[in-house]
Amino acid sequence: MTEDPTPRRTNAGGDRLGVVIATICAGLAVGMVGAAYAAVPLYQMFCQATGYGGTTQRVEHVSTRVSDRTVTVRFDSNAAPGVPWTFRPTEREVKVKLGETRQTAYWVKNLSDKRITARATYNVTPELAGSYFNKIACFCFTDQTLEPGEEKEMPIVFFVDPDMVKEPELTTAPPITLSYTFFTVASEDVAEAPAMDGAKAGSKL
């Protein structure tokens, strides 16, 4: 039998192209997932650096300048659905001098029969004031875990930068509202730790 002299076509080139396309698609998928995870901390860093959306600033030291001008700071508290906590400020509002370092606190109690871990998000209104509202200590930077019935007081230390009044929209030093909302991070059943009746001494109910 005479062999066919016509060269046979193979699919090797198509297979290689398919592998290249699959590799590119896989790389894009991994890159998109990585970008999604990176977006959250990058967005938080952007907000803290710029005060965007009323995000406050975190500093490590007290203010070195104190003005004679004062501002009223109001405190708001919220717990998202699924967070069975009583959560409120120990002071509804305070009046402070611009640049004056002030400490206050929020009080929280877990009303459920489960161990709950939650994290507080926060913002300031007017939003433009966020870049001038400086927190030295705040519970919002770490997860908070409460056992069933547990309660505690969580301090915050802050000051408002005197440069705030240089902003045309803030030159009158309008009242500032600092708002926190707790969202659930985790919860679990704790049968051996029943809910406590009443509140611990010294807490505000």
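Key figures
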{"quantity": "Residue in the range 170-187 that is farthest from the chain's Cα centre (by Cα), counting only those that are at pLDDT below 95 and open to solvent by 60 Å² or more (accessible area, probe 1.4 Å)", "calculated": "Ser187"}
{"quantity": "Phe139 being without any contact (Cβ under 8 Å) to a residue 40 or more places away in the chain, buried (at least 17 other Cβ atoms within 10 Å of the Cβ) and within 18 Å of the chain's Cα centre (by Cα)", "calculated": "yes"}
{"quantity": "Check on Thr145, over 15 Å from Ser179 (Cα atoms), open to solvent by 40 Å² or more (accessible area, probe 1.4 Å), β-branched (Val, Ile, Thr) and in contact (Cβ under 8 Å) with a residue 24 or more places away in the chain", "calculated": "yes"}
{"quantity": "Yes/no for Val83 being surrounded by 14 or more Cβ atoms within 10 Å (Cβ to Cβ), part of a loop (DSSP other than H, G, I, E, B), in contact with a Phe, Trp or Tyr (Cβ under 7 Å, 6 or more places away or on another chain) and not aromatic (Phe, Trp, Tyr)", "calculated": "yes"}
{"quantity": "Candidates Asn134, Asn123, filtered to the one that is touching a strand residue (DSSP E or B) at 6+ places or on another chain (Cβ under 9 Å), assigned to a strand (DSSP E or B), farther than 26 Å from Pro84 by Cα and touching a residue at least 60 places away in the same chain (Cβ under 8 Å)", "calculated": "Asn134"}
{"quantity": "Only one of Val165, Val190 that is modelled with pLDDT of 95 or more and of a type in the set (Val, Ile, Thr)", "calculated": "Val165"}
{"quantity": "Hits in the range 94-118 - residues which are assigned to a strand (DSSP E or B), among the charged types (D, E, K, R) and more than 12 Å from Pro155 (Cβ to Cβ)", "calculated": "Lys95, Lys97, Lys109, Lys114, Arg115"}
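Okay, residues lined up against (1) under 18 Å from Thr181 (Cβ atoms); (2) in contact with a helix residue (DSSP H, G or I) (Cβ under 8 Å, 6 or more places away or on another chain); (3) at pLDDT 95 or above:
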{"residue": "Tyr52", "(1), (2), (3)": "yes, yes, no"}
{"residue": "Gly99", "(1), (2), (3)": "no, yes, yes"}
{"residue": "Arg102", "(1), (2), (3)": "no, no, yes"}
{"residue": "Val108", "(1), (2), (3)": "yes, no, yes"}
{"residue": "Thr117", "(1), (2), (3)": "yes, no, yes"}
{"residue": "Tyr122", "(1), (2), (3)": "yes, yes, no"}
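The values are calculated or read from the model by the stated rules, or taken from the named source; none is laboratory data. Just so you know, these numbers come straight off a predicted model, no measurement behind them. Every residue, glycine as well, gets a Cβ built from its backbone with ideal geometry; the counts of neighbours run over all protein chains shown. Just the protein is used for accessible areas: all its heavy atoms, side chains included, with ligands, DNA and RNA removed. Shrake-Rupley method; radii C 1.70, N 1.55, O 1.52, S 1.80 Å.
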